[in-house]
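What follows is a set of notes on a single structure, which appears directly below.
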Amino acid sequence: MTNSLTTKAAEEYLASTSNLILATLRKDAGPQLSPVWFVWRDGTFFISTTPATAKWRNLERDQRCSGIIDHPDGRYIYIAGIAELSTEVEPLEITTEIVRKYKTPEEFDPYMETVHARGTRGIIRLKPISIVTRLLD
C-alpha cells in the first residue's frame, strides 16, 4: 500500500471510468454514500453535481468527506479530505471534462443537453489529505 497518487499505475487507474464512491455526513452524522463521476487533475478530484443533491447539502454543512475507487481485482484508492464547493455556469468547463471522460462521442451531446437543462452545476473539489492505495505501486 502507498500514500501517493503519483505512480503511473495510480494515474492510469484514475483516468479509467471507475466511479468514486463519495462518503459525506448526514445531519445525524451517519454516512451518505454517492457514486460519482470525477476527473483527477492537479492533485484534486473534481466532481460535478447539482446543488439540490444530498451530498451537496451535506458538504455545505460539514466539508469533511472520504471516498473510494475500487475494482473487483482488489485495486483501490481510498481518499479523505475537506471539500471545497463552488458553482459553475456556462460554459460548464469542469462538467464537460467529466462527461467527456465517461461518455462516448455519440453519447456526449445528448447527455450534455440534459446537463444544461438542469441549470447551475455544483463543483466539489476534493484535495486528499489522506491517501491509501492497494495494488497500484
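Quick one: what pairs do we get from the stretch 116-137, first residue over 16 Å from TRP40 (Cβ atoms), second of a type outside the set (A, V, I, L, M, F, W, C) and loosely packed, with under 13 Cβ neighbours inside 10 Å, C-beta under 6 Å, 6+ apart or different chains?
Pairs found: THR120/THR87; GLY122/THR87; LEU135/GLY74.
Which residues, taken from the stretch 13-28, are surrounded by fewer than 11 Cβ atoms within 10 Å (Cβ to Cβ) and touching a helix residue (DSSP H, G or I) at 6+ places or on another chain (Cβ under 6 Å)?
Listed by number, the list holds a single entry, THR17.
From the list ARG61, ARG118, exactly one residue is at pLDDT 95 or above, loosely packed, with under 14 Cβ neighbours inside 10 Å and over 16 Å from the mean Cα position of the chain (by Cα). Which is it? Break it down into steps so the answer makes sense when it comes.
Values: ARG118 fails: at pLDDT 95 or above.
Exactly one residue qualifies, and that residue is ARG61.
Does the stretch 28-48 contain any residue that is of a type in the set (D, E, K, R), outside any loop (DSSP other than H, G, I, E, B) and either modelled with pLDDT of 95 or more or on the phi > 0 side of the Ramachandran plot (or both)? Walk me through how you get there before you give the answer.
So the first thing to find is which residues in the stretch 28-48 are of a type in the set (D, E, K, R), and the list is 28, 41-42.
Filter again for outside any loop (DSSP other than H, G, I, E, B), leaving 41.
Restricting the remaining residues to those that are either modelled with pLDDT of 95 or more or on the phi > 0 side of the Ramachandran plot (or both) gives none.
No, there is no match, as no residue in the stretch 28-48 is of a type in the set (D, E, K, R), outside any loop (DSSP other than H, G, I, E, B) and either modelled with pLDDT of 95 or more or on the phi > 0 side of the Ramachandran plot (or both).
Say whether the condition of being touching a Gly at 6+ places or on another chain (Cβ under 9 Å) and either basic (Lys, Arg) or farther than 20 Å from ASN19 by Cα (or both) is met by at least one residue in the stretch 70-87.
yes
Testing TYR13 on (1) free of Cβ contacts under 8 Å to residues at least 40 places away in the same chain; (2) of a type in the set (Ser, Thr, Tyr); (3) within 18 Å of ARG134 (Cβ to Cβ), one condition comes back false. Which one is that?
Here TYR13 meets the rest and fails (1).
When you scan the stretch 98-111, do you find a residue that is closer than 18 Å to ASP42 by Cα and buried (at least 16 other Cβ atoms within 10 Å of the Cβ), even just one?
Checked against the condition, which is being closer than 18 Å to ASP42 by Cα and buried (at least 16 other Cβ atoms within 10 Å of the Cβ), the stretch 98-111 yields at least one hit.
Residues LYS101, LYS127, LYS27, LYS55: which one is over 21 Å from LEU5 (Cβ atoms) and within 15 Å of the chain's Cα centre (by Cα)? Talk me through it step by step, then tell me what you get.
Details: LYS101 fails: over 21 Å from LEU5 (Cβ atoms); LYS127 fails: over 21 Å from LEU5 (Cβ atoms); LYS27 fails: within 15 Å of the chain's Cα centre (by Cα).
None of the other options fit; the residue is LYS55.
Would you confirm whether any residue within the stretch 83-94 is surrounded by 14 or more Cβ atoms within 10 Å (Cβ to Cβ), within 12 Å of the chain's Cα centre (by Cα) and either assigned to a helix (DSSP H, G or I) or modelled with pLDDT under 95 (or both)?
Yes, there is a match, as at least one residue in the stretch 83-94 is surrounded by 14 or more Cβ atoms within 10 Å (Cβ to Cβ), within 12 Å of the chain's Cα centre (by Cα) and either assigned to a helix (DSSP H, G or I) or modelled with pLDDT under 95 (or both).
If ARG61 satisfies every condition in (1) without any contact (Cβ under 8 Å) to a residue 24 or more places away in the chain; (2) among the charged types (D, E, K, R); (3) touching a Lys or Arg at 6+ places or on another chain (Cβ under 9 Å) but one, which is the exception?
Looking at each condition in turn, ARG61 falls short on (1).
The values are calculated or read from the model by the stated rules, or taken from the named source; none is laboratory data. These numbers come from a predicted model, not from an experiment. Heads up, the Cβs are rebuilt from the backbone with ideal geometry, glycines too, and the neighbour counts pull from every protein chain shown.
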